[in-house]
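Enquirer: This is the structure I have questions about; it appears just below.
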Amino acid sequence: MFPPLTPAVRSLLIANVAVFLLQNLLGNAFTDQLVLWPLGAGDVVPNGGFMPWQLLTAGFAHAGIGHLFFNMFALWMFGSSLEMVWGRKRFLTYYFVCLLGANMLQLLVSTWLLAQQVTLSTALGASGAVFGLLLAYGMIFPNNRMIVFPIPMEIRARNLVIIYGGLELLLAYTGWQPGVAHFVHLGGMLFGWLLIRYWRGQPPFNKRRPPGPRIVR
């Protein structure tokens, strides 16, 4: 039921916990340099400007112990299974493509919202990469049955991905759950889906790849 703790997942867990401890030790001034700010935030909030490294560091900072726990639990549950299939290098490539892609999408959305004077929002957490892992798990192990709170029954991994993806799209469009970076979640799933399609040589990439063996998983 529970996968073994694989090397890359272990390293990511340690890195996330270490950054969280530094956040609590060094305070908000340190965290403000890690979180993802929209472009132009420095004109509104002191010490709130965007820096390129935030596209990466925001994925290792967390808002609280609960936020950290659930992201790390999902990283272990989905990530270890994927690393056993892909290997360490390919798994880390996928993880960071999802993380960076999710934060780039969030940067575009949050910058647009700030420019429209709608809201100033920041983002932090590994959720973008985690939702990418969820997407990959559903694509590679579509028929694996899971029990996920609060769903009181077994559900296939493929159906779980569809439910979560649809829910995130609905919440992002309606704004019914403010304070949650839904576009980060959607970005992680989108970039993960594109990368897997690329590895498999499937549209829209199949005509652009050089001849060679296709990766089917």
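The values are calculated or read from the model by the stated rules, or taken from the named source; none is laboratory data. It should be emphasised that the depicted structure is a prediction, and the values quoted were computed from it without experimental measurement. Note: ideal-geometry Cβ built from the backbone for every residue, glycine included; neighbour counts use all protein chains shown.
Condition check ((1) of a type outside the set (V, I, T); (2) buried (at least 17 other Cβ atoms within 10 Å of the Cβ)) across all residues:
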residue: A8; (1), (2): yes, yes
residue: N28; (1), (2): yes, no
residue: T31; (1), (2): no, yes
residue: P38; (1), (2): yes, yes
residue: P46; (1), (2): yes, no
residue: W53; (1), (2): yes, no
residue: W76; (1), (2): yes, yes
residue: R88; (1), (2): yes, no
residue: Y94; (1), (2): yes, yes
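Enquirer: Taking the range 13-36 on its own, how many of its residues are without any contact (Cβ under 8 Å) to a residue 40 or more places away in the chain and of a type in the set (A, V, I, L, M, F, W, C)?
Expert: As a first pass, look at the range 13-36 and keep what is without any contact (Cβ under 8 Å) to a residue 40 or more places away in the chain: 14, 18, 21-30, 32-33.
Those left that are additionally of a type in the set (A, V, I, L, M, F, W, C): 14, 18, 21-22, 25-26, 29-30.
The number of residues fulfilling the criteria is 8.
Enquirer: Let me ask you something else. Does any residue of the range 37-51 turn out to be at pLDDT 90 or above and either within 18 Å of A15 (Cβ to Cβ) or touching an Asp or Glu at 6+ places or on another chain (Cβ under 6 Å) (or both)? If you could, list the steps in order and put the result at the bottom.
Expert: Filtering the range 37-51 down to residues at pLDDT 90 or above leaves 37-39, 50-51.
Cutting the leftovers down to either within 18 Å of A15 (Cβ to Cβ) or touching an Asp or Glu at 6+ places or on another chain (Cβ under 6 Å) (or both) gives us none.
No: the range 37-51 contains no residue that is at pLDDT 90 or above and either within 18 Å of A15 (Cβ to Cβ) or touching an Asp or Glu at 6+ places or on another chain (Cβ under 6 Å) (or both).
Enquirer: Being surrounded by 14 or more Cβ atoms within 10 Å (Cβ to Cβ) and more than 16 Å from A129 (Cα to Cα) narrows it down to one of Q106, Q116, Q23, so name that one. Lay out the reasoning, then the answer.
Expert: Details: Q106 fails: more than 16 Å from A129 (Cα to Cα); Q116 fails: surrounded by 14 or more Cβ atoms within 10 Å (Cβ to Cβ).
It is Q23.
Enquirer: On the given criteria, is L5 outside any helix (DSSP H, G or I), farther than 21 Å from T122 by Cβ and among the aliphatic types (A, V, I, L, M)? Give the steps one after another, and end with the answer.
Expert: Working: outside any helix (DSSP H, G or I): yes; farther than 21 Å from T122 by Cβ: yes; among the aliphatic types (A, V, I, L, M): yes.
Taking the combined requirement at face value, the residue satisfies it.
Enquirer: Provide a single number: the residues in the range 37-49 that are in a loop (DSSP other than H, G, I, E, B) and in contact (Cβ under 8 Å) with a residue 12 or more places away in the chain. Let's see the steps before the verdict.
Expert: Keep residues of the range 37-49 that are in a loop (DSSP other than H, G, I, E, B), which gives 37-40, 44-49.
Remaining after also requiring in contact (Cβ under 8 Å) with a residue 12 or more places away in the chain: 37-40, 44-45, 47-49.
Number satisfying all stated conditions: 9.
Enquirer: If you take the residues in the range 129-167 that are assigned to a loop (DSSP other than H, G, I, E, B) and of a type in the set (F, W, Y), which one is modelled with the highest pLDDT? Steps first, answer last, please.
Expert: Let us first name the residues in the range 129-167 that are assigned to a loop (DSSP other than H, G, I, E, B), namely 141-144, 148-153.
Keeping just the survivors that are of a type in the set (F, W, Y) gives 141, 149.
Working: F141: 91, F149: 63.
Within the range 129-167, the match that is modelled with the highest pLDDT is F141.
Enquirer: Let me ask you something else. Only one residue in G132, G138 is surrounded by 16 or more Cβ atoms within 10 Å (Cβ to Cβ), touching a Lys or Arg at 6+ places or on another chain (Cβ under 9 Å) and within 16 Å of F191 (Cβ to Cβ). Which one?
Expert: G138
Enquirer: Mind checking which pairs have a first residue in the range 50-68 that is free of Cβ contacts under 8 Å to residues at least 24 places away in the same chain and a second that is buried (at least 20 other Cβ atoms within 10 Å of the Cβ) and basic (K, R), Cβ under 8 Å, 6 or more apart or different chains?
Expert: Correct list of pairs: empty, since none qualify.
Enquirer: What's the number of the only condition in (1) of a type in the set (A, V, I, L, M, F, W, C); (2) closer than 25 Å to V109 by Cα; (3) modelled with pLDDT under 80 that L170 fails to meet?
Expert: Failed condition: (3).
Enquirer: Follow-up question, since we're still on this one. I'd like to verify a number: residues in the range 54-95 that are closer than 25 Å to L36 by Cα and part of a loop (DSSP other than H, G, I, E, B), how many?
Expert: Count: 4.
Enquirer: Taking the condition of being of a type in the set (A, V, I, L, M) and within 26 Å of T122 (Cα to Cα), how many residues in the range 75-106 meet it?
Expert: The first filter runs over the range 75-106 and keeps only residues of a type in the set (A, V, I, L, M), leaving 75, 77, 82, 84-85, 92, 97, 99-100, 102, 104-105.
Remaining after also requiring within 26 Å of T122 (Cα to Cα): 75, 92, 97, 99-100, 102, 104-105.
So the answer is 8.
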